[in-house]
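Before any comments, here is the structure.
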Protein chains: 2
Amino acid sequence: MKIPLRFVLVTILLAASAVRYEVASQQSKIRDYRAANEHRILEEFVTLLSIPNVASDHVNIRRNAALIIEMMRRRGLEPRLLEAGNSTVPPAIYGEWKVPGATRTIILYAHYDGQPTDPKQWVGTMPWQPTLRSASLEAGGTILSLPKSGEKIDPEWRLYARSASDDKAGVMAILTAVEALKAQGMSPTSNVKFFFEGEEEAGSSHLGNIIRGHQKLLEADAWLICDGPVHQSGLKQVVFGVRGDTNVDLTVYGARRPLHSGHYGNWSPNPALTLAKLLSSMKDEAGRVTIAGWYDDVAPLGETERRAIEEAPQYDNEIKTQLGLARTENAGKSLLELINEPSLNINGMSSGDVGALARNVIPTTASAVLDLRLVKGNDYQRQVDRLIAHIRKQGFHVIDHDPTDQERLTNPLIAKVVHREGGYNAERTRMDLPLALSVIAAVQATSAKPIVKLPTSGGSLPLSIITSNLRTVTMTVPIANYDNNQHAENENIRLQNLWDGIETMAALMTMR
Amino acid sequence: MKIPLRFVLVTILLAASAVRYEVASQQSKIRDYRAANEHRILEEFVTLLSIPNVASDHVNIRRNAALIIEMMRRRGLEPRLLEAGNSTVPPAIYGEWKVPGATRTIILYAHYDGQPTDPKQWVGTMPWQPTLRSASLEAGGTILSLPKSGEKIDPEWRLYARSASDDKAGVMAILTAVEALKAQGMSPTSNVKFFFEGEEEAGSSHLGNIIRGHQKLLEADAWLICDGPVHQSGLKQVVFGVRGDTNVDLTVYGARRPLHSGHYGNWSPNPALTLAKLLSSMKDEAGRVTIAGWYDDVAPLGETERRAIEEAPQYDNEIKTQLGLARTENAGKSLLELINEPSLNINGMSSGDVGALARNVIPTTASAVLDLRLVKGNDYQRQVDRLIAHIRKQGFHVIDHDPTDQERLTNPLIAKVVHREGGYNAERTRMDLPLALSVIAAVQATSAKPIVKLPTSGGSLPLSIITSNLRTVTMTVPIANYDNNQHAENENIRLQNLWDGIETMAALMTMR
């Protein structure tokens, strides 16, 4: 039987439009639910953000876990803690929503711990006292009290708190999407598992242990990672890779005791100067890393990846203006190009005191914390070895402890180099896998504008720990506003990003 | 009449020996008094050291002044406060002991304020909780309770507290010498005035005002400054000059807000790297200042001064061993040579955080505090101008405020340079003045070993403020142990140095 082409085309168009209609209708149901429940969602989020969540704060980190267990229990997700054995290690939290007949399993990942922060550096509010502002601090946002039931909530408001974006927003968006789906009588299209990590910001030192201890439980076709910011343009994005990351603590030494700068200055070595010279030697004037071999191992991008980068909005000039920058490092290379290269960042540098506490002394030590980002092809241990070789080449005796008297007297230059625990390599998933196409389609369906697809994020997640222990792939679907002050003081989320994130997470659970 | 030479010589020898005997007897009376009153002296000193004494702490600085007034009143020194007008400015304290028939007037100077300090950096004790230790911390000294009356006091014990050496030890030695002289029925040979400053460590910003406001009251043939440490060898010393001093705050800038080091690292400029490069440019690998003209204005030393330096004990190797140093800056030049040159020291340097608070961010700023020491010939404003010219030469737009948006967007490199108030120039008194010889003889008479005479100290005092406002000269007679951790945490005084200091101050008041 011959079916007329016209008939086929019309059928296909009708079917496609039905799918589009269904997706649009699903999305509007999620949106309706959120709109009717904004006050309650905000209240639940504020409660979650009120608990300090630095991974090393054993007591509070478990208070966070207990609250999330309770939130998941209310949603019928059968939550449980996954322990790494030791009670001082933050537990991961697992839950699931199984669907009869589903042939696919996805895990939605977020982390509930946050970066350490110095409360003194926050403006006007404290890290774990969630505070609503009428706009961002930079735009002159003023503090608002939490809206009472019935009062209008402006989606441009910002909620300020540690992890408001990174990454309790992920936990909140995922759990609110579940709640909305259930309230609207909708079901996922995949078996959905939930995994909330508790020490991502501390380097995920025990994630491998936890996964290996629950390998069957954590099997999935894909881990979908809800973490990080959307594109600087405001467009939603799906990111197929992350950079690796590792940290190094570096300390150099002056005299054994602090010395009067008048009586000993310019005779007794000043460790601040020693550190300044050493750090200066690691990068050239343009900010290019000068450590031998630093860029050698980089796996070149494929054609698909290069095209994705070319298609992504180029926002460098806008960001420079927003950040107040008249120059960038590695001048000539765009931000998107540079995140496909390994980096070396000085997170912090300290010697003696500055400001009101400064005294006329020669400090005894000078320290820096270095952040090494890695791309596909790099090995984190190899990069650290190169760093150490470079420090040796500058004439330093490299040790991993404070120097003994004997070491001090026999080595003109001493550097203590401590490679922090929890480093990991980069990870990248092919952008043309069927499941990758489904994720792209699901996220695209929630957005009127074209979404951005990137081979890698600038940020890091321990995704290589997941893929090296499980046969799965990872994709990252971030939701936070890009100017969220992630990892710094005054972290915040723009409410519209949280609202959009709920729809994105619901779309992933119900994707074709 | 012809007098036989033999007779003349015998007469001279007898006279000299009588003087020596008298001096020795005076000294032993002071020593006896101290030995009989050590517990009470220590108790009074502990009370004085218990009051926080940072010059900017208006409330506590006046509590110090009130206590010192009370101590001077008990000794009959007719004390009064000398104000600079503003009640937030620390007052100086004046007193006097006039002697009928005296033809000479000296002022004994000490300061009662101390350097700011971070209590967290003190080991085991707090800055204003004076604590006795059985030896120095470095030598494993353990904490002792204050000895009860009758219990033996070991002169090698150390008293730990902010200003235990610098410079409440000066106040205490001077006032205890007065008390001992009066108790033993002895009188000064000069009219003695007392001047205790309250903001020396804050740069003596108002000292000029105070002196100009009380010019007649503060007239004297010499100001004798009791501040700083004795020679590293333990020998007593008289120092005829001080270096000038001034401080500069330096800040460089990255993006307007802290940025995630993964998303923006190696694209957005890192201010810690910028500062490291800038500081590195100021000194060569050997620690020699590379700023154009830095050493140009130095007034060369005279023959007397050069000889005094040559005669002084050379202690560099011993100090290097004690400090755990395998190298020194400006290699080849001795410490005594180098303190006769202008210096540039990094007091402190800070960007972001290190240690447990470190986060994977690009900091927004990086700051340093610089200490510039000056020698005879230098002008402090001229040295700061050279520093600023150097910073400009490195490509920086130099401003004295945080940059505006417009400044940020038009200048690739911006440095905020703030020249702190209270700078002053170096000062040097001729070592062959009659009064200089009297001071040398008086101090030498209290010591069995040869004392050290130096043209300048490495440290600074605002002596040029004194000599530019009064027709007088200055000489410095320090008493503290050289390893007193002056200006740093764990400041302390060795009790024997305090005991010796009392005898030295009594000797100055009774000098021929």
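No value in this document is a laboratory result; all are computed from the given coordinates. Since we're looking at a predicted model, the values are computed, not measured. Every residue, glycine as well, gets a Cβ built from its backbone with ideal geometry; the counts of neighbours run over all protein chains shown.
Residue A:327 label points, 7 Å along Cα→Cβ, one per copy: pairwise distances from this copy to the rest in nm, shortest first?
Copy-to-copy label distances for residue A:327: 2.8 nm.
Apply the Karplus parameterisation 6.51 cos²θ - 1.76 cosθ + 1.60, with θ equal to phi minus 60°, to every residue of the stretch B:27-36 and state each ³J(HN,Hα) to the nearest whole Hz, in sequence, with x for glycine and proline.
Result, ordered by residue: 4, 5, 5, 5, 4, 4, 4, 4, 4, 7 Hz.
Between the stretch A:446-462 and the stretch A:144-181, what's the alpha-carbon centroid distance in Å?
If we compute the Cα centre of each part, the gap is 21 Å.
Just list whichever of A:283/A:333; A:277/A:416; A:320/B:277; A:283/A:393 have alpha carbons separated by over 18 Å in the model shown.
A:320/B:277
Starting at 0 and stepping by 10 Å, how many percent of the alpha carbon pairs of the stretch A:389-512 end up in each bin?
10, 26, 25, 16, 12, 9, 3
Using a 10 Å cut-off around each Cβ, can you sort B:284, B:500, B:297 from fewest to most neighbouring Cβ atoms?
So the ranking, lowest neighbour count to highest, is B:284, B:297, B:500.
Would you list, by chain and number, the aspartates and glutamates whose Cα falls below 16 Å from the Cα of residue B:148, excluding same-chain residues fewer than 8 positions away?
B:38, B:43, B:44
Length gain on complete extension for the stretch residue B:146 to residue B:321, per 0.36 nm per residue less the alpha carbon to alpha carbon distance? Before the final figure, lay out the partial values.
Details: separation 175, 0.36 × 175 = 63.00 nm, distance 3.23 nm.
Length gained between residue B:146 and residue B:321: 59.8 nm.
Taking a label point 7 Å from Cα toward Cβ, how far is residue A:213 from its twins in the other copies, in nm, shortest first?
Here residue A:213 shows inter-copy label distances of 7.0 nm.
Going by the alpha-carbon gyration tensor, a ≥ b ≥ c the square roots of its eigenvalues, is the stretch B:34-156 rounded (a/c under 1.5) or, if a/c is not under 1.5, prolate (a/b greater than b/c) versus oblate?
Oblate, since a/c reaches 1.5 and b/c is not below a/b.
Every other copy gets compared here: list the nm distances from the residue B:76 label point (7 Å along Cα to Cβ) to its counterparts, shortest first, one decimal.
9.7
Give a residue-ordered list of calculated ³J(HN,Hα) values for the stretch A:192-202 (Karplus: 6.51 cos²θ - 1.76 cosθ + 1.60, θ = phi - 60°; whole Hz; x for Gly, Pro).
Coupling constants for the stretch A:192-202: 10, 10, 10, 9, 10, 8, x, 8, 5, 6, 9 Hz.
Once both axes come from the Cα atoms, what is the angle between helix A:58-74 and the longest principal axis of chain A, in degrees from 0 to 90, rounded to 10?
0
Can you tell me which lysines have their Cα less than 24 Å from the Cα of residue A:98? Leave out same-chain residues fewer than eight positions away.
A:29, A:168, A:182, A:193, A:216
So what are the ³J(HN,Hα) numbers for the stretch A:498-512, from phi and the Karplus equation (6.51, -1.76, 1.60; θ = phi - 60°), rounded to whole Hz, Gly and Pro as x?
So the Karplus estimates, Gly and Pro as x, are 5, 4, 4, x, 4, 5, 4, 5, 5, 5, 5, 5, 10, 5, 5 Hz.
Return one number: the angle in degrees, 0 to 90 and rounded to the nearest 10, between the long axis of the Cα atoms of helix A:271-282 and the longest principal axis of the Cα atoms of chain A.
For A:271-282 against chain A, the angle is about 50 degrees.
How would you order B:109-119, A:372-382 from highest to lowest mean count of nearby Cβ atoms within 10 Å? Intermediate values should be presented prior to the final figure.
Working: B:109-119: 23.8, A:372-382: 21.0.
In descending order of packing, they fall as B:109-119, A:372-382.
Can you give the FRET efficiency for residue A:126 and residue A:303, using 1/(1 + (r/R0)^6), R0 = 51 Å, r = Cβ-Cβ distance, to the nearest 0.05?
0.55
Evaluate E = 1/(1 + (r/R0)^6) for residue A:471 and residue A:59, where r is the Cβ-Cβ distance and R0 equals 35 Å; express this FRET efficiency to the nearest 0.05. Show your work: numbers first, answer last.
Values: r = 37 Å, r/R0 = 1.05.
Given R0 = 35 Å and the Cβ-Cβ separation, E is 0.45.
Nearest-5 percent of antiparallel DSSP beta bridges in the protein assembly as shown? Please report the intermediate quantities before stating the final value.
Details: 95 of 145 bridges.
If we restrict to bridges inside the protein assembly as shown, about 65 percent are antiparallel.
Note the angle between two axes, namely the Cα long axis of helix B:380-393 and the longest principal axis of the Cα atoms of chain B, as a number of degrees from 0 to 90, rounded to the nearest 10.
With rounding to tens, the tilt is 20 degrees.
Which of the three applies to the stretch B:126-279, rounded, prolate or oblate, going by the alpha-carbon gyration tensor with a ≥ b ≥ c and a/c under 1.5 meaning rounded?
oblate
Please report the equivalent ellipsoid semi-axes of the protein assembly as shown, computed as sqrt(5 x eigenvalue) of the Cα gyration tensor, largest first, in whole Å.
Gyration-tensor ellipsoid for the protein assembly as shown: 70, 28, 25 Å.
State whether the stretch B:192-335 is rounded, prolate or oblate according to the following rule on the C-alpha gyration tensor (a ≥ b ≥ c being the square roots of its eigenvalues): a/c under 1.5 gives rounded; otherwise a/b larger than b/c gives prolate, and the remaining case gives oblate. Write out the running numbers ahead of the final one.
Values: a/c = 2.49, a/b = 1.48, b/c = 1.69.
Oblate, because a/c is 1.5 or more while a/b does not exceed b/c.
So what is the diffusion coefficient of chain A in µm² per second by Stokes-Einstein at 25 °C and 0.890 mPa s, using a Kirkwood Rh over Cα pairs?
It diffuses with D of about 99 µm²/s by this estimate.
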